[in-house]
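Since the structure comes first, as structure tokens, the remarks are kept for the end.
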Amino acid sequence: MIRRWFTPALCALLLLAPGSLTAASAAESPAPLRVLTRNLYLGADLAPVLAATSPQALVAAVTTVYANVQATNFPERADALADEIAEGDPHLVGLQEAVLWRSQTPAGTGSATHVEYDFLQILLDKLAARGKHYAAVATVTVGSDFEAPRSLPGGGLQDIRLTDRDVLLARTDLPARVFSVANAQTAVFQSHVEICAPASPGCAARIRIERGWVAVDATLRGHTARVVTTHLEPASPPVRLQQAAELLAGPLNTTLPAVLLGDLNSGPGTPPHNALLTAGFTDAWTATRHRNPGFTCCQDADLLNTTSKLTQRIDYVLFRGSITARASDRVGEAQADRTPSGLWPSDHAGVWSLLQLR
């Protein structure tokens, strides 16, 4: 897998010992910033839950969806995801769908608090087991924090609660003079969609589906860039465009060089992608791999399709300012990346880039 992060020339550059360059050449060409964007996949398609029209249909849908979450086995997938990160040692990882699944048994009043799957903590634990040192330096709760009952195999009901999060992970094992992060920021977009609450007769109740972003200022050997990760709304093209505009007016409105990592739910040439390019951003993939379509989405909901079904490119590393893209590639898209039981690591491929800060 390391070959997918580093070409021989870049490997030689990155493996230079700290003192092996002159002060002048080190100032001109420090090792590049290594970044990765990774949608973890929450474990199931929520469409059946959102389409439920009665309390009975809602329970049936939640039961089916949560069974799929269990079957797509995030602890097993997290081994593959941790291998990707461990083999590349990115300085920063932008995570989308770093979800938290909780339960309450029996179903009842109040909110579910028993943790079933904490995708973020599971991934951090897998990285630690590999001797890798990462921490969540910025986290925002987005998308959903919803709860509904499912049927238990032995009878009775259990509440299942889903909390969605976007996260930036950063390495913590490097001296501050080499790499550090500061100025963590998080926010929820003002632009959002509203949908009928499941099992709400005549759409009497509505729920907001919110998205957001997280950001840090990352400094690598004296060069600083604003790094942002986000997950734009999949259901509404106008809302996606408005959210892109909020990014440009918010965390990306900076005099620092800027990097945007994320699942933009937007193909190349669509309005959100074009808005970001018009604002001065460069697509790291097309800058380094323009002859390769670089598809990143999407595998089947059960992650068991034997032939890859990636046919869209919606996951990106974009940059603006005093930055040059040295290389980009995908992770999690090859047959060899599947888990021992045949699961893809996610329904998305991840995208990594080596970015030279100047």
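Before moving on, here are some points about what is shown:
- When the range 274-301 is filtered for residues that are without any contact (Cβ under 8 Å) to a residue 40 or more places away in the chain and crowded, with 17+ Cβ neighbours inside 10 Å, the ones remaining, listed by number, are 275, 281, 283, 286.
- When residues of the range 292-333 are limited to those that are under 17 Å from the mean Cα position of the chain (by Cα) and of a type in the set (Ser, Thr, Tyr), the one farthest from residue 226 (Cα to Cα): 296
- Single residue of 115, 140 found to be out of contact with any helix residue (DSSP H, G or I) (no Cβ under 7 Å at 6 or more places or on another chain) and either assigned to a loop (DSSP other than H, G, I, E, B) or open to solvent by less than 20 Å² (accessible area, probe 1.4 Å) (or both): 140
- Selection over the range 47-70 of residues that are assigned to a helix (DSSP H, G or I) and surrounded by 15 or more Cβ atoms within 10 Å (Cβ to Cβ) gives a count of 15.
- Taking (1) surrounded by fewer than 17 Cβ atoms within 10 Å (Cβ to Cβ); (2) closer than 28 Å to residue 75 by Cβ in turn, residue 269 satisfies each apart from (2).
- Any chance residue 24 is at pLDDT 95 or above, assigned to a helix (DSSP H, G or I) and either among the small types (Gly, Ala, Ser) or closer than 28 Å to residue 162 by Cα (or both): no
- Candidate set: the range 94-112, residues that are open to solvent by 20 Å² or more (accessible area, probe 1.4 Å) and either among the aromatic types (Phe, Trp, Tyr) or not in a strand (DSSP E or B) (or both); chosen: the one farthest from residue 140 (Cα to Cα): 106
- Among residues of the range 185-219, those that are open to solvent by 60 Å² or more (accessible area, probe 1.4 Å) and farther than 30 Å from residue 57 by Cα, counted: 2
- Candidate set: the range 334-358, residues that are of a type in the set (S, T, N, Q), surrounded by fewer than 22 Cβ atoms within 10 Å (Cβ to Cβ) and closer than 18 Å to residue 40 by Cβ; chosen: the one nearest to the chain's Cα centre (by Cα): 339
The values are calculated or read from the model by the stated rules, or taken from the named source; none is laboratory data. Computed from a predicted structure; not experimentally measured. So basically every Cβ, Gly included, is an ideal-geometry build from the backbone, and we count neighbours across all protein chains shown. Ligands, DNA and RNA are stripped out before the accessible areas are found, and what is left, the full protein with its side chains, is counted by its heavy atoms. Shrake-Rupley method; radii C 1.70, N 1.55, O 1.52, S 1.80 Å.
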